[in-house]
């Protein structure tokens, strides 16, 4: 499979969402979120380090696709706008320090309205945040989810650690 071709398709789809001109299919563009979530949770129950794979998929898409639309001058505001337009979630900034951030994501695709399954579910979103910020900041970024609707929390919360090491 050609990963770059997939990234191009995702880029095109996100660009259309940003421009309020999504492509149409006969059945419409939406599938019930619960179907997507059931697939994700089913994959997670398979184990075998699948969380890291999902994180890295998100990181690739953040680095190669989402970062292209984020304005460096108002980084977090434009990132939040892109995530909302792409229907990934509603990003809020809880804390920003020199090498650390705490970000909140509400209404996210991985766990919105899921029951308390006792674990974090937003590995994709964690990776998406890491990849986008790494590309923009040109520094190594690690993201861990500290709160999740999948654990019964009201919202998802991510601890973002920004390393001194330059990424490129």
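The values are calculated or read from the model by the stated rules, or taken from the named source; none is laboratory data. As the structure is a computational prediction, the values presented were derived from the model and not from experiment. Cβ sites come from the backbone with ideal geometry, for glycine too, and all protein chains shown count toward neighbours.
Only a single criterion out of (1) out of contact with any strand residue (DSSP E or B) (no Cβ under 9 Å at 6 or more places or on another chain); (2) in a loop (DSSP other than H, G, I, E, B); (3) at negative phi; (4) surrounded by fewer than 16 Cβ atoms within 10 Å (Cβ to Cβ) is not satisfied by residue 78, namely (2).
For segment 65-75, a residue qualifies if it is buried (at least 19 other Cβ atoms within 10 Å of the Cβ) and either at pLDDT below 90 or assigned to a loop (DSSP other than H, G, I, E, B) (or both), and the qualifying residues are 65, 70. The test for being touching a residue at least 40 places away in the same chain (Cβ under 8 Å), in contact with a strand residue (DSSP E or B) (Cβ under 9 Å, 6 or more places away or on another chain) and surrounded by fewer than 16 Cβ atoms within 10 Å (Cβ to Cβ) holds for residue 161. Residue 53 falls short on exactly one of the conditions (1) part of a helix (DSSP H, G or I); (2) closer than 19 Å to residue 146 by Cβ; (3) under 14 Å from the mean Cα position of the chain (by Cα); (4) at pLDDT below 90, and that condition is (2). Give me a count of the residues in segment 71-101 that are touching a helix residue (DSSP H, G or I) at 6+ places or on another chain (Cβ under 7 Å), without any contact (Cβ under 8 Å) to a residue 24 or more places away in the chain and more than 15 Å from residue 129 (Cβ to Cβ). Result for segment 71-101: 1. The condition (being without any contact (Cβ under 8 Å) to a residue 40 or more places away in the chain and assigned to a strand (DSSP E or B)) is satisfied by just one residue among 104, 141: 141.
When restricted to residues that are buried (at least 19 other Cβ atoms within 10 Å of the Cβ) and more than 23 Å from residue 19 (Cβ to Cβ), segment 81-100 contains 0. Against the test of being under 25 Å from residue 7 (Cα atoms), part of a helix (DSSP H, G or I) and either touching a residue at least 24 places away in the same chain (Cβ under 8 Å) or over 13 Å from the mean Cα position of the chain (by Cα) (or both), the options 150, 127 yield a single qualifying residue, 127. Going by the structure shown, is residue 104 surrounded by 15 or more Cβ atoms within 10 Å (Cβ to Cβ) and touching a strand residue (DSSP E or B) at 6+ places or on another chain (Cβ under 6 Å)? Against the criterion (surrounded by 15 or more Cβ atoms within 10 Å (Cβ to Cβ) and touching a strand residue (DSSP E or B) at 6+ places or on another chain (Cβ under 6 Å)), residue 104 qualifies.
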